[in-house]
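Written below as structure tokens is the structure these notes are about.
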Amino acid sequence: MSTRENILAAVKKNQPALSALPDISVFKVHEEDVVKKYSDVFAGIGGLLVSAGSLENVKDLIRKDFDQNKRILTTLPDLTDVAELSDPDADPHTLEDVELAIIEAHLGVAENGAVWLTEDVMGHRVLPYITQHLAVIVREESIVSTMHDAYSKIASEDYGFGGFIGGPSKTADIEQALVLGAHGPLSMTVYLIK
Amino acid sequence: MKSTLDHAALAEEFNKDEERVDWHDGALWWIRQKRDRSAHQTPQWEELREAASAIKSNVISNLHDYLIQFEENLKKNGVKVYWASDAEEHNQIVYSILKAKEIKQMVKSKSMLTEECHLNEFLEERGIEVINSDLGEYIQQIDNEPPSHIVLPCIHKRKEEIGELFHEHLGTEKGLSDPTLLTRVARKHLRNVFLTRRAALTGVNFAVAETGEYVVCTNEGNADMGAHLSEVQIASMGLEKIIPERKHLGVFLRLLARSAIGQPITIYSSHYKKPRPGQEMHLILVDKGRSNLLARPDFRESLKCIKCGGCMNTCPVYRKSGGLSYHNTISGPIGAILAPNLDMKQHADLPFASTLCGSCSNVCPVKIPIHDQLYKWRQEIVKQGYSASRKTFSMKAMALTLSSPEIYKTAGKTGRWLLNNAPFAINNKFNPWYKQRDMPDSSQQSFGEWYAKNGSKK
Ligand code: SF4
């Protein structure tokens with residue numbers, strides 16, 4: 001027998017009698033104000049939260065907050081006044097010098113401040129991880145209360161890669177001292193728009 | 001790196017540096033308190049733990065079918081699947097994947113399984129260099145030591161020691177020990193590693209049978225940096241990492257980081273499903289004792305573990321003895337119940353490295369009755385004749401105490417009274433945990449606090 005068959009046979013023989021899955025639809029949290037909750041939690045985990053209102057305002061904020069002489073990349077065609085449009089055919093290794101990446105999230109999660117991104121909004125899978133600073137546009141109406149709600153929205157959507165990102169890259173491996181910017185972004189800004 | 005000393009002897013070594021023990025104890029207790037705050041702020045926390053435990057019970061009871069379903073979906077998604085029954089087979093598979101592409105260097109993110117398999121050593125012997133990219137694991141690797149904690153690999157090290165290692169290996173200024181500056185140096189070095197490695201290996205936190213995707217959680221982003229820049233991506237996972245459906249991730253991702261370090265979610269929870277165009281994705285399903293463990297009704301629940309490290313942070317013995325004293329990749333209470341399944345003789349000492357206080361079971365997000373299992377392993381080990389005489393003595397006393405609720409109650413009270421009023425009575429040669437210490441000092445406070453809180457519940 002092959003290793004596969006051996007393992008499967010042993011598992012089948014040794015696993016106990018079937019026990020039922022629990023009902024997880026009981027996890028319902030009714031947040032009065034998900035936008036406020038999201039904002040508080042995201043700021044609490046070291047993120048920068050800006051109520052921008054509109055994409056037009058985001059442009060002004062980017063001009064004000066980031067050095068236009070450095071490489072700024074976006075996957076949003078509406079933001080090409082302030083950023084270079086990400087080229088889907090580029091070698092991901094050429095993204096090493098990106099100072100700021102601006103992308104739009106599918107949704108935000110109030111209970112933990114995370115945003116949900118899939119590779120189609122990332123442009124390149126590595127972009128939100130390799131950039132020195134990350135900016136994410138979150139539409140207020142896309143914010144959900146908990147991870148359960150997030151997964152009911154994601155449902156059975158097909159993607160090659162997707163990820164929750166809940167703040168700047170961080171580590172506390174040296175004496176539990178918190179350091180933002182381990183390997184990835186040194187900061188993460190969320191621009192809330194209506 | 002295998003030690004021939006047992007846990008008590010290694011703990012004794014660790015305890016010689018009192019300042020370090022106190023720091024270690026305090027740092028872990030602080031993390032435990034963060035976990036508590038985070039848990040209390042989460043509505044339906046206990047129901048969540050209950051649900052997570054029930055989902056894992058279902059997984060254990062239906063693992064055969066889930067594995068087949070997962071494999072089918074992986075293949076549909078374009079991922080190559082391998083099965084390995086032990087470390088040797090696993091390591092050979094990784095080696096053959098790399099060899100086929102003539103790859104000589106690989107970057108690895110955190111994976112306790114590959115640590116257990118001694119993959120790095122195996123590949124190095126065959127001319128392949130592996131760099132661990134999690135900062136704590138990187139530090140442990142350059143110091144030639146295994147991780148001492150599954151979530152906080154170098155929690156036993158002081159920043160001055162890390163500064164010294166960086167001076168030696170990365171050329172930093174002598175005496176530099178500022179955590180931010182050291183992290184920046186590592187960042188520069190490791191970003192260059194990510195950019196130049198053609199192969200990346202990651203562990204797996206959760207593998208979804210329904211979709212064939214697997215989820216990797218980190219705070220640093222190192223798994224993603226490695227994987228998304230690689231042309232060959234490899235994931236190694238133990239069979240037990242399966243969960244049935246995508247929606248179940250909601251339950252586990254809510255629990256994991258809160259239980260681990262009191263954070264609402266890991267910064268990165270990455271769902272890998274299909275390779276990028278031009279990239280290869282490989283996934284290795286590893287048994288390494290899991291199917292055996294399934295056959296042990298008393299112990300199979302330990303397969304529910306999601307490796308949050310919560311049981312270590314709260315364990316009074318772990319906090320005072322350090323992870324390396326467990327001479328096993330997975331240390332602490334969970335290590336002490338997983339290790340004897342693999343080699344009862346070699347790990348006969350570990351189930352005795354506990355006060356059986358039950359604090360581990362109280363924090364475990366998947367409700368593994370860890371302290372019950374520790375007690376059952378003790379019985380098993382004594383029955384098989386593997387225990388040393390001193391431990392058998394404590395063990396027998398413990399067995400007598402626990403077998404009678406009345407004696408247990410009195411013993412509990414006496415124990416608490418003694419601890420408060422006559423610590424020297426506990427600090428005797430039959431109790432290895434107090435060997436180096438005359439009197440409980442400041443570090444004892446947290447144990448005292450814990451005792452006051454949990455001891456009274458009994
Ligand atoms: S046994 Fe429970 S508490 Fe310990 S690491 Fe595993 S999941 Fe966490």
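Kindly indicate which of A:ILE102, A:ILE72, A:ILE24 is in contact (Cβ under 8 Å) with a residue 24 or more places away in the chain and either within 10 Å of chain B (Cβ to nearest Cβ) or surrounded by fewer than 13 Cβ atoms within 10 Å (Cβ to Cβ) (or both).
The unique qualifying residue is A:ILE24.
Restricted to the range B:216-237, and to residues that are buried (at least 24 other Cβ atoms within 10 Å of the Cβ) and closer than 30 Å to A:SER19 by Cα, which residue is farthest from the other protein chains (Cβ to nearest Cβ)?
B:SER236
Restricting to the range A:153-194, count the residues that are under 25 Å from A:ALA52 (Cα atoms) and either among the β-branched types (Val, Ile, Thr) or more than 8 Å from chain B (Cβ to nearest Cβ) (or both).
Count: 12.
Of the conditions (1) within 11 Å of chain A (Cβ to nearest Cβ); (2) surrounded by fewer than 24 Cβ atoms within 10 Å (Cβ to Cβ); (3) over 17 Å from B:TYR214 (Cα atoms); (4) within 14 Å of the ligand (Cβ to nearest atom), B:GLU240 clears all except one; give me its number.
That leaves (3) as the condition not met.
For the range A:118-137: of the residues being crowded, with 24+ Cβ neighbours inside 10 Å and part of a strand (DSSP E or B), which is nearest to the other protein chains (Cβ to nearest Cβ)?
Going through the qualifying residues, I end up with A:LEU134.
Show the residue pairs that are 6+ apart or on different chains and have beta-carbon atoms under 6 Å apart, the first residue being within the range B:174-188 and facing chain A (nearest Cβ under 9 Å) and outside any helix (DSSP H, G or I), the second being surrounded by 16 or more Cβ atoms within 10 Å (Cβ to Cβ) and small (Gly, Ala, Ser).
B:SER177/B:GLY163
Only one residue in B:ARG246, B:ARG198, B:ARG254 is away from the ligand (no atom under 16 Å from the Cβ) and either within 9 Å of chain A (Cβ to nearest Cβ) or hydroxyl-bearing (Ser, Thr, Tyr) (or both). Which one?
Residue meeting the stated conditions: B:ARG246.
Could you check the range B:311-368 for helices (runs of 4 or more DSSP H) lying wholly inside it with 3 or more residues that are more than 9 Å from the ligand (Cβ to nearest atom) and away from chain A (no Cβ under 14 Å)?
So the answer is B:316-321, B:332-342.
For a quick check of your reading: which helices (runs of 4 or more DSSP H) sit entirely within the range B:39-118 and have at least 1 residues that are within 13 Å of chain A (Cβ to nearest Cβ) and surrounded by 17 or more Cβ atoms within 10 Å (Cβ to Cβ)?
Once the helices (runs of 4 or more DSSP H) in the range B:39-118 are filtered for at least 1 residues that are within 13 Å of chain A (Cβ to nearest Cβ) and surrounded by 17 or more Cβ atoms within 10 Å (Cβ to Cβ), what remains is B:45-61, B:63-76, B:87-100.
Scan the range B:214-246 for residues that are in contact with a Gly (Cβ under 8 Å, 6 or more places away or on another chain) and acidic (Asp, Glu) and report the count.
Total meeting the criteria: 3.
Each value in this text was obtained by applying a stated rule to the coordinates, not by laboratory testing. Everything numeric here is computed off the predicted structure, so don't read it as measured data. Glycine also receives a Cβ, built like all others from the backbone with ideal geometry; neighbour counts cover every protein chain displayed.
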